[in-house]
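Down below is the structure, laid out as structure tokens.
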Amino acid sequence: MKTMVALGLSSDAIRVAVIGNPYTPRPLIKQWHTFTLPAGAVVDGEVVDQPTVTGMMKQIVKRHRIPTSNVAMVYSSRRVLFREATFPEMGLDELHATLPF
């Protein structure tokens, strides 16, 4: 059974879900945890207190035996911008060269 980990980072908490069979019609939430962050550790989607946040994440992974592969991180920030783009058929090297533009 393949698993996927969804890791959510917000200004008040770290949320973790371990999902079994994620790419099937019947995914299963195997674990769900919420851990309260100290005030000011994450502000407006940006990690301000890196040692605290990374330390908590390491403890969470170790204590709850969270898989460390196939992880999707979800967070939001005013400094992150997503744009949809369509590219013509091209080789991978060409595609990598165009992405900065």
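The values are calculated or read from the model by the stated rules, or taken from the named source; none is laboratory data. Keep in mind it's a predicted model, so treat the numbers as computed, not measured. When we count neighbours, we look across all protein chains shown, and the Cβ atoms used for this are built from the backbone with ideal geometry, even at glycine.
What residue, among those in the range 76-101 that are among the β-branched types (Val, Ile, Thr) and either surrounded by 11 or more Cβ atoms within 10 Å (Cβ to Cβ) or touching a residue at least 24 places away in the same chain (Cβ under 8 Å) (or both), is farthest from Leu9 (Cα to Cα)?
Thr98
From (1) in contact (Cβ under 8 Å) with a residue 24 or more places away in the chain; (2) surrounded by 11 or more Cβ atoms within 10 Å (Cβ to Cβ); (3) under 13 Å from Val16 (Cα atoms), pick out the condition that doesn't hold for Met73.
Only one criterion is unmet by Met73, namely (2).
Can we say Val80 is β-branched (Val, Ile, Thr) and modelled with pLDDT under 90?
Taking the combined requirement at face value, the residue satisfies it.
Restricting the search to the range 53-67, which residues are free of Cβ contacts under 8 Å to residues at least 60 places away in the same chain and farther than 14 Å from Gly8 by Cα?
Selection gives Gly55, Lys58, Gln59, Lys62, Arg63, His64, Arg65.
How many of the residues making up the range 21-38 are assigned to a loop (DSSP other than H, G, I, E, B) and within 16 Å of Ile66 (Cβ to Cβ)?
Within the range 21-38, residues that are assigned to a loop (DSSP other than H, G, I, E, B) and within 16 Å of Ile66 (Cβ to Cβ) number 1.
So, in the range 72-101, of the ones that are in a loop (DSSP other than H, G, I, E, B) and hydrophobic (A, V, I, L, M, F, W, C), which residue ends up farthest from Val47 (Cα to Cα)?
By that ranking, first place goes to Met90.
Given the criteria in contact with a strand residue (DSSP E or B) (Cβ under 9 Å, 6 or more places away or on another chain) and either modelled with pLDDT under 85 or hydrophobic (A, V, I, L, M, F, W, C) (or both), does Arg65 qualify?
So Arg65 does not fit the description; no.
Within the range 21-40, count every residue that is under 17 Å from the mean Cα position of the chain (by Cα) and small (Gly, Ala, Ser).
Looking only at that region, the number is 0.
On the basis of being in a loop (DSSP other than H, G, I, E, B), among the hydrophobic types (A, V, I, L, M, F, W, C) and either surrounded by 12 or more Cβ atoms within 10 Å (Cβ to Cβ) or more than 17 Å from the chain's Cα centre (by Cα) (or both), does Ala17 make the cut?
no
Quick one: Lys62 ticks every box in (1) surrounded by 11 or more Cβ atoms within 10 Å (Cβ to Cβ); (2) more than 14 Å from the chain's Cα centre (by Cα) except a single one, so which number is it?
(1)
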